[in-house]
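Encoded as structure tokens, the structure appears first; notes follow it.
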Amino acid sequence: MKETPLSNCEKRFLLKAIEERKRLDGRECYDYRNLRISFGSDYGCCIVELGKTRILGQVSCELVTPKPNRATEGILFFNLELSPMASPAFEPGRQPELLVKLNRLLERCLRNSKCIDTESLCVVAGEKVWQIRVDLHVLNHNGNLIDAASIAAIVALCHFRRPDVSVQGEEVTLYTPEERDPVPLSIHHMPICVSFAFFQQGTFLLVDPSEQEERVMDGLLVIAMNKHREICTIQSSGGIMLLKDQVLRCSKITGVKVAEITALIQKALENDQKVRKEGGKCGFAESVPNQRITAFKIEQAPVDTKDVQEQAEEIIAKAFPPSEVMATPVLWTSGTAQIGEGLENSWGDFEGSEREEEEDEIAQDEPITVEDQNLETGDASVRTRNQKDETIVLSDSEEEDVVILEPEVTNKNRTETSPKQDTISKKTGGKKKKKRATK
Amino acid sequence: MLARAVMADGGACEAQKRIGRVVMPGEALLLPGHAEADGERLRLAANGPQKGRLVCGPGLRRGGEGLLVTKCGLLRYRGPGSGSGGVYWVDSQQRRYVPVKGDHVIGIVTAKAGDIFKVDVGGSEQASLSYLAFEGATKRNRPNVQVGDLIYGQFIIANKDMEPEMVCIDSSGRANGMGVIGQDGFLFKVSLGLIRKLLAPDCEIIQDLGQLYPFELVLGMNGRIWVKAKTIQQTLIVANVLEACEHMTAEQRKQVVAKVLEN
């Protein structure tokens, strides 16, 4: 997939913001994004997160025959990969310019600075040496890959333990981790890359550019340095003219940043060591932050349930009981009949419908008088208890009344037993029973 | 094939029971009418009045006797309304946009080719936009669109394996808010789920932000948001709050807004 183009409006906004000394994520010009280092359950495996940029580092080793011209030196091999997972702009199976540039810079930063003692990787001179392979996978690309990659590589190397070997005469014995503790690599120093982005022909300078800032920058300066303030690599790209002062200022900033990052790496390594010694849980699963997506969530609304019961009782006390319903089928004319309440049947004769209404009114009147009776029973507490009784009867009525009313139904010589009619009879039964109870 | 195997195993469950729960790709869902036990009733119902058609939304495919899940997310359902027999779909948390007919999106003009513009909308293919599809545009009176400009438009053609086509006018030829977006302001991307939440009627996030200060906002269904406030600082604040609110609870968001209001 093609890379998303940068719109004019983004470009303009970013440049304006940089002129006002503001950055998208609220950082200052010389600030790094949050750096997080987490270790896998195996040795030599780590994930470095620089803001939203994530890189997975994995170190592995193998016994190989050395190069003939360097018979006593182990081999260091770096491999950075840009998979489409990191960004849709990275295509699988192709080596973009960026990848070649990053790989070469990484090799220069770590191998050429001799930070790993390659002589100590020799087992038998000219025959067997360790080949250390550092694989770096970009999991997410959000700018400044080189800094994150250099940190991931050095952290993974520091964390790595190779199996112990012993040489007795001609015989080489390789010990499993159970037999002998694996040995760490001997690391002289930790070179770390720090990138500077330049805007407007070098007028503005930002440390640790994000992806959007990288897309509008004019030039990039990468300085690799260790905590002893020794410059390991320096590279300027983008074709901008830099003044001597600018480069010196950048190297000073690099010194400060490298000291901070080195301290952080050492602390992370120590913590991991401590957890492993204590037999605690380690691995990525333990260190991944638990983020919840709230976009699909419906907020739980707190409901006050303190006086729900009283409210419900009040409502029931105030409400009129449902009106009486005619349970018997009414024969309007020959061939049409109506059962229960519902829409007025326009098929029937006029007088019949009027009569039905009258009956309804009568039915409605009855419960009101019942209510009045209730109110007349002086004491308030007695009244409430009465009402409570009433509610209980109402709620229970549906089930009990079927039994009670069944004989009545049969008395009326009703032949139809549709389910609807049954429910209606239940309702009316409830009413009748209630009346009995209140009386 | 895998999904079929699952169904054969009896791993399928009724769609109704899974509403609001997480479903995984390959899962099979049975529709109420298709459950074996209801076979009898279904045949009876077929003789009755025809209901509206059941619609199978994004993340689902028709397969076998029911639906097959093709995306991971929450299963949603909207009951039958006027003319429709209900809709099932999967609300998934993704950032990749797939063009859908009728969606309003923000695109970036990448090329001018003869009488059409090529517009990047974040889909697998660029959309085409005719220069006549703007309000008041005629053969003589061309709209002023440059490469790199932002376009707010609507899809009129969005088919599988075909180049989607956008327009910046509605059916009556009016712009209706669509067209070229101004040169200022800032564009950023969020997940599609957040966009849907923001576009919901009476969205609380937008209402909370509205208390701060006036600003302009364009939400594209393709996950792009364009914001413009009076100053760069204000624009940045709105953009950052919108981006962050995906992982914030309502209370956290209110605190953030209150904090911004204080300053």
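The values are calculated or read from the model by the stated rules, or taken from the named source; none is laboratory data. Just so we're clear, the structure is a prediction, and the values are computed from it rather than from any experiment. Every residue, glycine as well, gets a Cβ built from its backbone with ideal geometry; the counts of neighbours run over all protein chains shown. Just the protein is used for accessible areas: all its heavy atoms, side chains included, with ligands, DNA and RNA removed. Shrake-Rupley method; radii C 1.70, N 1.55, O 1.52, S 1.80 Å.
Annotations for the structure displayed:
- In the context of the full set of protein chains, the range A:33-129 has a per residue accessible area of 51 Å² (1.4 Å probe).
- Computed in the context of the full set of protein chains, the accessible area of the range B:186-262 at 1.4 Å probe radius has 55% of its extent on carbon or sulfur.
- For A:ILE240, the solvent-accessible surface computed with a 1.4 Å probe is close to 20 Å², ligands and nucleic acids excluded.
- Measuring nothing but protein heavy atoms, the accessible surface of the range A:25-281 at 1.4 Å probe radius is 49 percent carbon and sulfur.
- Most tightly packed first, judged by the mean number of other beta-carbon atoms within 10 Å of their residues, the peptides A:279-289, B:141-151, A:83-93 read B:141-151, A:83-93, A:279-289.
- Projecting the Cα positions of A:VAL59, A:SER150, A:CYS250 onto the charge dipole of the range A:25-281 (unit charges on Cβ atoms of Lys, Arg, Asp and Glu, taken about the Cα centre) puts A:CYS250 furthest along the positive direction.
- Most tightly packed first, judged by the mean number of other beta-carbon atoms within 10 Å of their residues, the peptides A:207-216, A:66-75 read A:207-216, A:66-75.
- Charge tally in the Cβ shell below 12 Å around A:SER251, where Lys, Arg are +1 and Asp, Glu are -1, A:SER251 excluded: +3
- Dipole-positive endmost among B:GLN207, B:VAL257, B:LEU194 within the range B:186-262 (Cβ charges, Cα centre): B:LEU194
- Contact order, relative form, for chain B: 13 percent (alpha carbon pairs under 8 Å, 6 or more residues apart, mean separation divided by residue count).
- Listed by number, the DSSP H helices of chain B that run 15 Å or longer by alpha-carbon position along their axis and have mean Kyte hydropathy of at least 0.0 are B:232-244.
- Here the Karplus relation 6.51 cos²θ - 1.76 cosθ + 1.60, evaluated at θ = phi - 60°, turns the backbone of the range A:157-167 into coupling constants of 5, 5, 7, 5, 10, 9, x, 6, 10, 9, 10 Hz, with x for every Gly and Pro.
- Helix-derived mean residue ellipticity, 222 nm - over chain B, DSSP H n ≥ 4, -39500 (n - 2.57), to 500: -6500 deg cm²/dmol
- Residues losing 10 Å² or more accessible surface upon assembly, the range B:83-97, compared with the chain by itself, 1.4 Å: B:ASP91, B:GLN93, B:ARG96
- Charge dipole (Cα centre; +1 on Lys/Arg Cβ, -1 on Asp/Glu Cβ; no other charges) of the range B:186-262 amounts to roughly 220 debye.
- Size of the B/A contact, given as accessible area buried on both chains, probe 1.4 Å, in Å²: 2700 Å²
- Per-residue mean of foreign Cβ neighbours for B:246-254 is 3 (Cβ atoms of other chains, 10 Å radius).
- Alpha-carbon centroids, the range B:144-181 and the range B:184-238: separation in whole Å: 20 Å
- Antiparallel bridges, percent of DSSP beta bridges restricted to chain B (to nearest 5): 85 percent
- Relative protection proxy for B:95-105, A:36-46, from highest mean packing down: A:36-46, B:95-105 (other beta-carbon atoms within 10 angstrom).
- Long-range amide H partners of A:MET85 with built H, under 5 Å: none
- About the centre of its Cα atoms, the range B:103-180 shows a dipole size close to 360 debye [charges on the beta carbon of Lys, Arg (+1) and Asp, Glu (-1) only; nearest 20 debye].
- Look at the Cα gyration tensor of the range B:160-226: its axes a ≥ b ≥ c give a/c of at least 1.5 with a/b over b/c, and that counts as prolate.
- For residues of A:7-20, the mean tally of beta carbons on other chains within 10 Å: 6
- Its relative contact order, with pairs defined as Cα atoms under 8 Å and 6+ residues apart, puts the range B:186-262 at 34 percent.
- Label-point separation in nm, B:ARG142 to A:THR65, each point 7 Å along Cα→Cβ: 6.8 nm
- Look at the stretch B:222-231: the mean tally of other chain Cβ atoms within 10 Å of its residues' Cβ atoms is 1.
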